[in-house]
Amino acid sequence: MKTNLRLESSPFCYVYSKYKIEEINGKRYVMPEEKAARKAISITEHIDDLLIETLNIGKKEFFRQPIEEFELLNYYAKYGSFGFMIDLAINKYFVLDEKVAVRDPFYINKKENVDFINTEEYLKFFLPKLNKREINSLIKKCKSAANENRKEDYLTSIINEYLIYSEHYAEPLELILNYTRALYKHFYWALDNKPLTMKLPFLSVNHLEHKIEDLYYNNSFGFTINYLKQAIDISYSMQMAQDVRLLKICNFCEKAFIANNPKAEYDTPQCKNKANVYKSRGKTISRNVIHADDGITVKIPNID
Ligand SMILES: [Zn+2]
């Protein structure tokens, strides 16, 4: 089966000009800086770069390599937040309900079952700077938007604006690292042909919107992407499903990359050269060592 599938960014996706890492209630969060400017962004425009950069943050976490704060902050300033708050909720319009049904809450509790959390509590987790009164007035605002908007498209974008695109929206560092590591780990294991028995908490397509009208106009079928994590998960699935897979892991530095040539083994000419030097010295490249600019270290994948 060949398909012509397109991903299109909703026009109501946003990024802030500057982000910070702040500790709130004992958790470290990434959130917009005060008075940072918000602008609309297409989250599908650079979707290949987005996927690779996400996987490579996960790669560092997987191999327990240090991740500098600025790397995460640059990532956020480029692409915005992941949108975990919407993504982890099974009931998409949880803000209109009493409780949120959450999948594997935050990848931190490692609960395989669905967990129910009070909506106020859930909002407080992702909007940690708001007090009870502010949270309740936000819930009211969302409910009145639902009363006024009969078209679901509008409601989705308005609620997303109030929640995941709000200046108060924050994502825990731990959650970001767990997610990116899970994505890389899945990829790494798939390439090693290990049985993929692990649960895939990240591949969620339950909140995707279809654009069936594309079939009439350009003989393609489209998905409207409303937040970053959707774009990453779908583009990862599409890359993995290619007949000739171009999404690869460099044989030298273990970074993910998208190759132009299906036979490529290295992400850069530098890695290819370094690998050749190793080979010419008669050293075999083992998958148990990791090569970095400052030398070699033994890999201890973070697999739990
Ligand atoms: Zn490389």
Only one residue in ARG245, ARG287, ARG281 is surrounded by fewer than 16 Cβ atoms within 10 Å (Cβ to Cβ), more than 8 Å from the ligand (Cβ to nearest atom), modelled with pLDDT under 75 and within 17 Å of TYR188 (Cα to Cα), so which one is that?
ARG287
Within the stretch 209-232, restricting attention to residues that are charged (D, E, K, R) and modelled with pLDDT under 90, which residue is surrounded by the fewest Cβ atoms within 10 Å (Cβ to Cβ)?
GLU213
Within the stretch 30-37, identify whether any single residue is touching a Leu at 6+ places or on another chain (Cβ under 7 Å) and surrounded by 17 or more Cβ atoms within 10 Å (Cβ to Cβ), and answer yes or no.
yes
Condition check: surrounded by 11 or more Cβ atoms within 10 Å (Cβ to Cβ), modelled with pLDDT of 85 or more, assigned to a helix (DSSP H, G or I) and away from the ligand (no atom under 13 Å from the Cβ). Does LYS274 satisfy that?
no
Looking only at the stretch 15-69, which residues are among the small types (Gly, Ala, Ser), in contact with a strand residue (DSSP E or B) (Cβ under 8 Å, 6 or more places away or on another chain) and in a loop (DSSP other than H, G, I, E, B)?
SER17, ALA36, ALA37, SER42
Quick one: would you say PHE70 is surrounded by 20 or more Cβ atoms within 10 Å (Cβ to Cβ) and farther than 29 Å from ASP153 by Cα?
no
Pairs with Cβ under 6 Å, 6+ apart, first in the stretch 231-258 and assigned to a helix (DSSP H, G or I), second within 16 Å of the ligand (Cβ to nearest atom):
GLN239/LEU247
Restricted to the stretch 1-29 and to residues being over 25 Å from HIS207 (Cα atoms) and of a type in the set (Asp, Glu), the residue surrounded by the fewest Cβ atoms within 10 Å (Cβ to Cβ) is GLU23
Among the residues of the stretch 180-208, which ones are part of a helix (DSSP H, G or I) and either at pLDDT below 85 or among the charged types (D, E, K, R) (or both)?
ARG181, LYS185
If you scan the stretch 132-176, which residues turn out to be among the charged types (D, E, K, R), in contact (Cβ under 8 Å) with a residue 24 or more places away in the chain and not in a helix (DSSP H, G or I)?
GLU167, GLU171
Would you be able to tell me the number of residues in the stretch 120-160 that are in contact with a strand residue (DSSP E or B) (Cβ under 6 Å, 6 or more places away or on another chain), of a type outside the set (Phe, Trp, Tyr) and either modelled with pLDDT under 95 or not assigned by TED's automatic domain parsing to the domain that holds TYR227 (or both)?
0
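The values are calculated or read from the model by the stated rules, or taken from the named source; none is laboratory data. None of the values given here were measured: they were computed from a predicted structure. Note that we place each Cβ from the backbone using ideal geometry, even for glycine, and neighbour counts take in every protein chain shown.
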